[in-house]
Amino acid sequence: MKQSLQLRTSQHLALTPQLQQSIRLLQLSTLELHQELEQLLTDNPLLERLDDPLDHSLRLLGDGAINQQAPAGDAPAEGPPGDAPAADADNYEAPGADTESTTPDADIDWGDAGRSKNSDDEDARPQLEAHHCTLRDHLMEQMRVTVLEMRDRALVELIIDALDENGYLEESLDDIHARLPEELDVEIEELQTALKLLQSFDPMGVGARNAAECLAIQIKRLPGVPMVTRRMALAIVENHLTWFAQRDFNKLKKALLCDDEDLREAQAVIRQCNPHPGAAFASDVSDYVVPDVIVKKSRNGWQVSLNNDVMPRLRVNAMYANLLKQGKGEGAMGAQLQEAKWLIKNMRQRFDTILRVAQAIVERQKNFFSHGAVAMRPLVLREIADTLGLHESTISRVTTQKYMLTPHGMFELKYFFGSHVATEAGGEASSTAIRALIVQLTGAEDPKNPLSDSKIADMLGEQGMVIARRTVAKYREALKIPPVSLRKSL
């Protein structure tokens, strides 16, 4: 083949860096957005943030003195005070935010330095997080005041170190004994004695090797339990725990030769026990969700507003911008100025899009805000996309990890979207509403005669919702509601 040059004209889509940044900012959660923003502020000196939580905090100087003055960069952005944030691409501030700078006070009253001026509590002080006490620390403290011999302390500490997070001893004493050096001359009986001593510690049930032993230890130590009831509860957890977990009360009554009243008293004793005694000392930190939008009731209906606390206030550094206007800046600073303007514009566009989507959701789910989840209507991404003139992928990015604070609680925006189920009248019912009805029905059922999945399906059918039994089972499992056999009580 002979090589040749050809010129062709074609069209194709290309994502500009500005569009790529806009898409990335849109899909980030609030926490990820602020992490991304901190990195951009570090990389771009022309970008400033006006709402830094450390701007007006106390600072320790090099000579040991304390400075409470605000940074020099806290001056308000230039421009008419009445201009909206959208009027200047170089600035982006939360609507309604105070842009006035705080004048440093030369005379500082150190008695009020750590106190809020608007607080009525004169004893308000910055609170420090208390030291977290682990299960091991709690058990070691008890061992120090109850065990005197150093050898016994070492054996008890050895078993404490072998406990899991729930307080169970998963490793057998034989395995622990096999790991010990022979020159220590430790007998298996010494380990058994140390384990018995550990099982007398608080919390009750710690050091057990299985659930049956854990419950038995607690039943033996519970005060005020009649002897007959205590013996029956011990017999259940030691010999018939599987039947008890499956709520097979008929087999239990036959095996224990008791009636409903005796079994009910033994069941009440067992329910006082904690099968996970060490869980109270877990160091799991709760995750807190900050809402992006807030919905409130007003005279004109339900109003949606952005949460100003999560909206960063950004601007272009005035000094660097003036240098560039005078032609004194370097070539790289011009690119950084353009990047800063892109970021401010994309940040504004992100929150505007979130607000528009939230308003469209509230408009279509008014019944939910007035009556709760049972009034949720079916909604899909395409419906919101067609209304706002956006693509479905954009709506998906907006509703992922974005949260709305409502009078009924905090919900992710995706919560308001759900599949539909046909009704006898030819309409549609939301799957979210059906789940709420299942929760109501199971919550109001007779514990002695709980509702089966078929019965729940029939009751929903009486309300005009055509739903199969297996669909009810699927929704029930998603709601973590036990089956009918495990919800039955005496």
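For segment 152-174 versus segment 185-250, the spacing of their alpha-carbon centroids is 17 Å. Measuring with a 1.4 angstrom probe and ignoring ligands and nucleic acids, residue 185 comes out at about 100 Å² accessible. Counting heavy atoms of the protein chains alone, residue 469 has an accessible area of about 120 Å² for a 1.4 Å probe. Across segment 421-489, Cα-Cα pairs farther apart than 14 Å form 55% of the total. Annotation for residue 200 and residue 408: the two label points, set 7 Å from Cα along the Cα-Cβ direction, are 5.6 nm apart. Taking 7 Å steps out from each Cα toward its Cβ at residue 239 and residue 280 produces label points 3.1 nm apart. Between residue 297 and residue 153, residue separation times 0.36 nm minus the direct Cα-Cα distance comes to 45.6 nm.
FRET efficiency for the residue 318 to residue 489 pair, using the beta carbon distance and R₀ = 56 Å, is estimated at 0.20.
Subtracting the Cα-Cα distance of residue 419 and residue 391 from 0.36 nm times their residue separation leaves 8.1 nm of extension gain.
Label sites at residue 42 and residue 182, each approximated as a point 7 angstrom past Cα along Cα to Cβ, lie 5.7 nm apart.
Measuring r between the beta carbons of residue 132 and residue 16 and using R0 = 41 Å, the FRET efficiency lands at 0.25.
The listed residues 448, 455, 480 rank as 480, 448, 455 when sorted by accessible area, largest first, using a 1.4 Å probe.
Residue ranking by accessible heavy-atom surface, 1.4 Å probe, largest first, among 402, 297 comes out as 297, 402.
Here r is the Cβ-Cβ distance between residue 469 and residue 6 and R0 is 56 Å; the resulting FRET efficiency, rounded to 0.05, is 0.25.
Do the alpha carbons of any pairs in 455/488; 296/402; 251/474; 455/480; 254/488 sit beyond 20 Å of each other, and which pairs? From 455/488; 296/402; 251/474; 455/480; 254/488, over 20 Å: 251/474. For segment 421-489, the solvent-accessible area with a 1.4 angstrom probe is 55 square angstrom per residue.
Probing with 1.4 Å while keeping every protein chain in the model, the per residue accessible area of segment 135-272 equals 57 Å².
The values are calculated or read from the model by the stated rules, or taken from the named source; none is laboratory data. Since the model is a prediction, treat every value here as computed from it, not as a measurement. A quick note on method: Cβ atoms are made from the backbone with ideal geometry, for glycine too, and the neighbour counts reach across all protein chains shown. Remember, those area values only see protein heavy atoms, side chains included, never the ligands or the DNA or RNA. Shrake-Rupley method; radii C 1.70, N 1.55, O 1.52, S 1.80 Å.
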